[in-house]
Structures are given as structure tokens and as C-alpha cells.
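**Q** Structure in C-alpha cells, see below.
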Amino acid sequence: MATPCPKSCHCSERNGVVVQCVSRSLDQIPPDLPEDTVTLLLSSNRISHIPNQAFKDLRRLKELDLSHNHIESIDAGAFLGVSEGLRSLDLSNNQLRSVPKETFTKLSARIRLSNNPWHCECSLQEVLRELRLDPETVNEVSCHTSVQDEYAGRPVIQVLDSGINFCNFHHKTTDVAMFVTMFCWFAMVITYVIYYVRHNQEDARRHMEYLKSLPSSSQISKDFDTASTVL
């Protein structure tokens, strides 16, 4: 028996089921979507998170529109199960700053990522390397913020095409952090050694002064002879 249409959506037949859930104030992916869904339209809702295997039973899914939501995070396995057949994925006009590198693994779909507040750094560069970005909106995928402030506001693809490698910045930052850590550790060791030496020197000085304050053996002998004569 066919799965009924979700209560908040409208379903129609067109070489498979088209599920239309646009502007329904949804805050999550509707459960129990028809397994023969080929088009799923979820734009203009309040969805903020895409969990793992959110579409795992939709093996015939070809078009997925999640644009104009509040999506801030996507789990690495969100699109598992639909990777081979999916042809179009729209994540434009959301609140995405970053996504796990594995999120779009094996996806051959044309993807829209425009108009999100992306943070340009190494992991985003690695994610984009694996994608087929929609050519019509590729220049609208911009650096909202960046590991280098000078690239904020610029299209990511233009920055990368200019020869910038965000992963180099990552490695340089890591190298500097390691150098600073090693320098601090070395400084602590040197400080301890200096303190240890000075402390020992002070103990040795006090010990010498104490020894000097003791009567010498000749003085003790002389005092003993004087006492003997008196007796």
C-alpha cells in the first residue's frame, strides 16, 4: 500500500510522487514521506537542521529543494541513501557557515549553495572541491567571513581561482601555534633551571657562612691548652 501524503504537504503524480511542502511553517523534515517521491519541495519553511539519513527511504528522489529555510547545520550522513539518483539539491538562502567534508560525498547532483554566510577556510575549500556547483549561482557563494579578513565579501570561487589556498593558512596557523607552545615550554624550563641554580647557590652561600662562623680546630686546641694550664 502506498504511503499517504504527509498532512502538511500536497502530493501529486508526475512520473512518481511530487511532494510540495512550501511555506508550511515546518521546523523539520516531514516523517513518512512516500517512498516513490521523485521531487520534494521544502522551501520557505523554518527548518534549521538536517539530521543523518533524513531522506534514506527516498531512493527515487531526483530533486530536493531546501532553499529559504533557517538551516544552520547538516549532519555528515544527511543525504545517505539518495546520493546516486539525486540530480538537483538547493540549499541556497539559509544560514550555513560550514558543513562536514563528508556531507556531499558521492553526490552527483547539481548543488546550489548561494546566499549563505559561509566562513571561508580549509574545510570549506575541501567541501567545494567535491561538488558540482550550479553554474548559474556559483558567483553567489561568497565568503561572509574568512580566515583572512581581506577575502570577506568576495565570491569563494574567484578567491580560489586566484590561487589562494585556505589550507595553507590553516597549516601556517598551526605551525605558529606549535612554535609559540614550544617557545613557552622552553622558557619555562630555562626559568626553572635558573631558579634551581640560584636557589642552590644561595643554599651553598649560607652553608659556607655557617661553616665560617664555626670555631676553627686550631682555636679549639688553643682554648684546650689554656684550660689545661689553668688547671
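The values are calculated or read from the model by the stated rules, or taken from the named source; none is laboratory data. Everything numeric in this text was worked out from a predicted model, so none of it was measured. Please note: Cβ atoms are built from the backbone with ideal geometry, for glycine as well, and neighbour counts cover all protein chains shown. Side chains included, ligands, DNA and RNA excluded: accessible areas come from the protein's heavy atoms. Shrake-Rupley method; radii C 1.70, N 1.55, O 1.52, S 1.80 Å.
**Q** Quick check on my filter: what residues within region 101-140 are more than 17 Å from residue 74 (Cα to Cα) and assigned to a loop (DSSP other than H, G, I, E, B)?
**A** Hits for region 101-140 are 108, 121, 134, 135, 136, 137.
**Q** If a residue counts only when it is out of contact with any Leu (no Cβ under 8 Å at 6 or more places or on another chain), which strands (runs of 3 or more DSSP E) contained entirely in region 2-85 have at least 1 such residues? Walk me through how you get there before you give the answer.
**A** Working: elements: 10-13, 17-20, 37-41, 63-65.
Hits in region 2-85: 10-13, 17-20, 37-41.
**Q** Where residues in region 141-153 are open to solvent by 40 Å² or more (accessible area, probe 1.4 Å) and in a loop (DSSP other than H, G, I, E, B), which of them is farthest from residue 72 (Cα to Cα)?
**A** First pass over region 141-153, keeping only residues open to solvent by 40 Å² or more (accessible area, probe 1.4 Å): 144-145, 147-150, 152-153.
With the extra rule that they be in a loop (DSSP other than H, G, I, E, B), the set shrinks to 147-148, 152-153.
Values: 147: 19, 148: 22, 152: 19, 153: 19 Å.
Among those that are open to solvent by 40 Å² or more (accessible area, probe 1.4 Å) and in a loop (DSSP other than H, G, I, E, B), it is 148.
Quick grid of which residues meet (1) among the acidic types (Asp, Glu); (2) at pLDDT below 90; (3) at positive phi:
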| site | (1), (2), (3) |
| --- | --- |
| 121 | yes, no, no |
| 124 | no, no, no |
| 144 | no, no, no |
| 180 | no, yes, no |
| 184 | no, yes, no |
| 209 | yes, yes, no |
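**Q** Is it true that some residue in region 88-99 is in contact with a helix residue (DSSP H, G or I) (Cβ under 9 Å, 6 or more places away or on another chain), buried (at least 16 other Cβ atoms within 10 Å of the Cβ) and among the acidic types (Asp, Glu)?
**A** Within region 88-99 (the criterion being in contact with a helix residue (DSSP H, G or I) (Cβ under 9 Å, 6 or more places away or on another chain), buried (at least 16 other Cβ atoms within 10 Å of the Cβ) and among the acidic types (Asp, Glu)), the answer is no, since none of the residues qualifies.
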